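The next block holds one structure in the form of structure tokens; read it before the comments.
Read-outs: derived from the displayed coordinates by stated rules, not from any lab. Computed from a predicted structure; not experimentally measured. Virtual Cβ from ideal backbone geometry, glycine too; neighbours counted across all protein chains shown.
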């Protein structure tokens, strides 16, 4: 495994699709798995992230979680990351750390830094946008969040997306300014699943809250996320809630920045198994102080983890790259000519103690000479497991028939934990 690069920000101004081999930010959580990856920030957040052959539980947010920026002064529209609206003249950067992901965007005189973390004690993803006006004139910016809601496991959503979303209903809470989504039970023994989306800011807003939960109303007929109709001249968010056919979370805030001024705006998305839990998330993060505490708590937890596991930030960067290849099926890490010749079914793995229900990472090692490699991948496996990403780690020794004496004892322990 190659030596990791540091957490330094990476940047360019070339449009590109999400690279399945790139690193992701894999956050430590108590019950959810959240990812951010370039050219995002595209985040999946929920009770579990559905992997190929993997998790069975339901993500709250899947596929897209963006923030649009519209300069009402110049009538210009862009997004913080390269998706969904790329502007070649903008400068984009990203940096992944063990406790947060950061995305940077320079659009002329406007600089925006988006930081994403996960709350340490509730199932919530917290993102805060720091907006700075480096120009010599006042600017009025409109920030619009967009997140697709599914509340069901990804396989079921992809197999029957229209049918699956028929069971979701949304509502808006005037007291907190939050949007709620509930997946109605389909059977007597099934529990309802809830999600929440709430926004707060360190500057007061004079405008009334704007929101939308219908994807068709947001995009418009024949439109995509690259050119939504809600940004047409004279258009506004409709405030639609209820049993919408294709649910989204969308909140809008407007900030006015004098020359040299800055503002911070937060968007928080959470999930829970009961209404009272998501209501508490909404009430907490409707206050901006709670957003700042979420980042400080995440930082303290991360520092404690580094000390406990004797890890360095470069180790975390390396493990995030491994997680990216597992979660998003990096084709460059596969031996393509070998796969078509393999005609065995899943049952053939059972004799080797491999379930076949999880993604598989195969590491070829050459005896004691690859002790450092084996140690790295076992540590990476443990790191991913602690963050909710489970996969089977298989170590294949190309030299001897039994595990070399120099291989770490954690190999057998890791195997027992998969």
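Data overview
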read-out: Sequence ranges 80-88, 167-175, 375-383, ranked by mean other-Cβ count within 10 angstrom, highest first; value: 375-383, 80-88, 167-175
read-out: Two-site label geometry, residue 216 and residue 371: point separation in nm, points 7 Å out along Cα→Cβ; value: 6.5
read-out: Potential extension, residue 258-residue 348 segment - 0.36 nm per residue separation minus Cα distance; value: 25.8 nm
read-out: Enclosed volume per residue, in Å³, of the convex hull spanned by Cα atoms of the range 241-292; value: 116
read-out: Residues residue 362 and residue 166, FRET efficiency given R0 of 45 Å [Cβ-Cβ distance, rounded to 0.05]; value: 0.65
read-out: Rounded if a/c under 1.5, otherwise prolate or oblate - the range 183-309, Cα gyration tensor axes; value: oblate
read-out: Calculated Rg and Dmax of the range 203-267 using C-alpha coordinates, Å; value: 14.0, 44
read-out: The range 76-104 and the range 241-288: distance between their alpha carbon centers, rounded to Å; value: 20
read-out: Per-pair calculated FRET efficiency, R0 = 41 Å: residue 111 and residue 303 via Cβ, rounded to 0.05; value: 0.90
read-out: Separation of the residue 232 and residue 277 label points, Cα + 7 Å toward Cβ, nm; value: 4.1
read-out: Kirkwood hydrodynamic radius of the range 97-219, Cα pairs, Å; value: 17.5
